[in-house]
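Participant: I have a structure I would like to understand better, so I am pasting it below and will then ask my questions one at a time.
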Amino acid sequence: MQGYNLIAVFNETEDSWLMCRRRKDPYMGLSNLVGGKIEENEDGLEAAYRELEEETAITREDILLTHLMDFTYPLDDCYVEVYAGKLHNAVAVNGNENELYWSSLEYNFFDSALYAGEGNIGHILEHIILAKERVLL
């Protein structure tokens, strides 16, 4: 079963989170959280830090990630691990894979015409809000 990760990165004041506009399918043109593939025999948390640095230049020194939830898709033979964290300080993000931008938290992230994942982005944000004191350290 192939593993993937999604990483919800909040700025240091917790009033916006990092999103990317996908340049390729699936979900080309839609906004998503950053993330990628978990390599064979790779620890999920290590994969999240690796993908985060590869896609955004944010390092493990910049953020503490917490494993928030998993989604399993048996029919597609894959799973997604979701991590979240808050930057310790302002960081200049930089990446080539997708267009990166900071988004206000005031949008309807359940809108499948704008956001990837058939509502999962909204679902993830709602769970982060519920567990904020345990997640955004």
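The values are calculated or read from the model by the stated rules, or taken from the named source; none is laboratory data. Small disclaimer: the values here were computed from a predicted structure and weren't measured. Positions of Cβ are backbone-derived with ideal geometry, glycine not excepted, and every protein chain shown enters the neighbour counts.
Participant: From the list Tyr107, Tyr79, which one is at pLDDT 95 or above, of a type outside the set (A, V, I, L, M, F, W, C) and not in a loop (DSSP other than H, G, I, E, B)?
Facilitator: Details: Tyr107 fails: not in a loop (DSSP other than H, G, I, E, B).
Answer to the check: Tyr79.
Participant: While we're here: Could you tell me whether any residue of region 47-58 is exposed (fewer than 13 other Cβ atoms within 10 Å of the Cβ), small (Gly, Ala, Ser), modelled with pLDDT of 95 or more and assigned to a loop (DSSP other than H, G, I, E, B)?
Facilitator: No: region 47-58 contains no residue that is exposed (fewer than 13 other Cβ atoms within 10 Å of the Cβ), small (Gly, Ala, Ser), modelled with pLDDT of 95 or more and assigned to a loop (DSSP other than H, G, I, E, B).
Participant: Hey, Leu64 hits all of (1) over 22 Å from Asn108 (Cα atoms); (2) surrounded by fewer than 14 Cβ atoms within 10 Å (Cβ to Cβ); (3) of a type in the set (A, V, I, L, M, F, W, C) but one; which does it fall short on?
Facilitator: (2)
Participant: Within region 82-104, work out how many residues are assigned to a loop (DSSP other than H, G, I, E, B) and either in contact (Cβ under 8 Å) with a residue 24 or more places away in the chain or of a type in the set (A, V, I, L, M, F, W, C) (or both). Working first, answer last.
Facilitator: First, pick out the residues of region 82-104 that are assigned to a loop (DSSP other than H, G, I, E, B): 88-98.
Remaining after also requiring either in contact (Cβ under 8 Å) with a residue 24 or more places away in the chain or of a type in the set (A, V, I, L, M, F, W, C) (or both): 88-95, 97-98.
Counting residues in region 82-104 that are assigned to a loop (DSSP other than H, G, I, E, B) and either in contact (Cβ under 8 Å) with a residue 24 or more places away in the chain or of a type in the set (A, V, I, L, M, F, W, C) (or both) gives 10.
Participant: Now for a separate question. Anything in region 1-46 that is in a loop (DSSP other than H, G, I, E, B) and within 21 Å of Lys132 (Cβ to Cβ)? List them, or say none.
Facilitator: Applying the first criterion (in a loop (DSSP other than H, G, I, E, B)) to region 1-46 yields 1, 11-15, 22-30, 33, 39-43.
Matches in region 1-46: Asn11, Glu12, Thr13, Glu14, Asp15, Leu33.
Participant: Can I ask one more? In this structure, does Val82 turn out to be within 13 Å of the chain's Cα centre (by Cα) and either surrounded by 15 or more Cβ atoms within 10 Å (Cβ to Cβ) or within 15 Å of Val9 (Cα to Cα) (or both)? If you could, list the steps in order and put the result at the bottom.
Facilitator: Numbers: within 13 Å of the chain's Cα centre (by Cα): yes; either surrounded by 15 or more Cβ atoms within 10 Å (Cβ to Cβ) or within 15 Å of Val9 (Cα to Cα) (or both): yes.
Considered against the rule, which asks whether it is within 13 Å of the chain's Cα centre (by Cα) and either surrounded by 15 or more Cβ atoms within 10 Å (Cβ to Cβ) or within 15 Å of Val9 (Cα to Cα) (or both), Val82 comes out as yes.
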